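Working notes, structure below.
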Amino acid sequence: MPFISAEERDTYFPDKAGVDWQLIQSAMLRAEAIAQGPQGANRNLAVTEYSEHLKINSDGIARLRYHPLDLAASTPIVDIRGNYSIGDFGRSSPGTEWTTLEPTAYELDPISNEIRFKQIPFYSTITAPPVTTFGYSRRRTRRYPPMNVQDTVQARVQYSAGFDFSASTDPPEVVTLKTAIAGMTSIYLSPQAQGVESRSIDDVYKFSVKYGGGGISAIATSKNATSLVDEFLIIFRNFAPYETHR
């Protein structure tokens, strides 16, 4: 689904009134592919369903990778398995089968993208027996630290995340994304609409493009400068998946 609909043309492409909408769509599809590719968000930004196996920290907290959460699109399904007990329910897990938790057993924070498991103890009080080793000069005894139960507990969360680009009223983040896509689309439309006549590069890596209309557009100012497209891609990188769980 395109980020910008034909009905929004005047809002995001006010200077493209004479350009065929199919040409705009073609350039926009290219912009969306790049914006959602490895150089940008590296994900589908529209509302998408995900299923994740989570690493849970010692406080019983994990972080979902994809954001923002869309709790209205679907109700999350949270499962756990492993060696654990749920205090309020007085039952233990068999260790191998997934158990679906009730919504009261966890909290989802749409701001931090964290899920907190409220009723599962993640540290055991069991201590392994002492291990005795011998050195050349003396006898040494070492005791293992308490067993970390989080290593034996797995969580699986099915949820929806992303943006609804077809909503009747766009939140500020969606407006920003649509504006960035419109900017990238306009860049891709420029050589297609006017035709590139020539390119030039000088001794300090400055280069320019001359279009059929006679204008000169400075695309970059130095070898290491970011292009206009890269500046837009920075916006999309803000919504890339979180690399690691907390």
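So here's what we get for this one:
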quantity	calculated
Segments classed as strands (runs of 3 or more DSSP E), wholly inside region 39-148, with at least 1 members that are more than 30 Å from L228 (Cβ to Cβ), open to solvent by less than 70 Å² (accessible area, probe 1.4 Å) and at pLDDT 85 or above	48-54, 61-63, 77-82, 106-109, 114-117
Cβ pairs under 9 Å, 6+ apart, first in region 162-178 and in contact (Cβ under 8 Å) with a residue 40 or more places away in the chain, second of a type in the set (F, W, Y) and assigned to a helix (DSSP H, G or I)	L177/F236; K178/Y12
Residue pairs meeting the criteria (Cβ under 9 Å; at least 6 apart or on separate chains; first farther than 16 Å from A155 by Cβ, in region 87-104; second at pLDDT 90 or above and open to solvent by 90 Å² or more (accessible area, probe 1.4 Å))	F89/E102
Considering residues of region 1-22 that are open to solvent by 60 Å² or more (accessible area, probe 1.4 Å) and hydrophobic (A, V, I, L, M, F, W, C) only, the residue farthest from A180 (Cα to Cα)	A17
Single residue of region 27-38 satisfying the filter (open to solvent by 30 Å² or more (accessible area, probe 1.4 Å) and under 13 Å from the mean Cα position of the chain (by Cα)) that is farthest from A180 (Cα to Cα)	P38
Lone unmet requirement of (1) modelled with pLDDT of 90 or more; (2) open to solvent by less than 60 Å² (accessible area, probe 1.4 Å); (3) over 25 Å from Q25 (Cβ atoms) for D170	(3)
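The values are calculated or read from the model by the stated rules, or taken from the named source; none is laboratory data. Note that the coordinates shown come from a computational prediction; the quantities given were computed from them, not determined experimentally. We place every Cβ from the backbone using ideal geometry, glycine too, and count neighbours over all the protein chains shown. The area values use the complete protein model at the heavy-atom level, side chains included, leaving out ligands, DNA and RNA. Shrake-Rupley method; radii C 1.70, N 1.55, O 1.52, S 1.80 Å.
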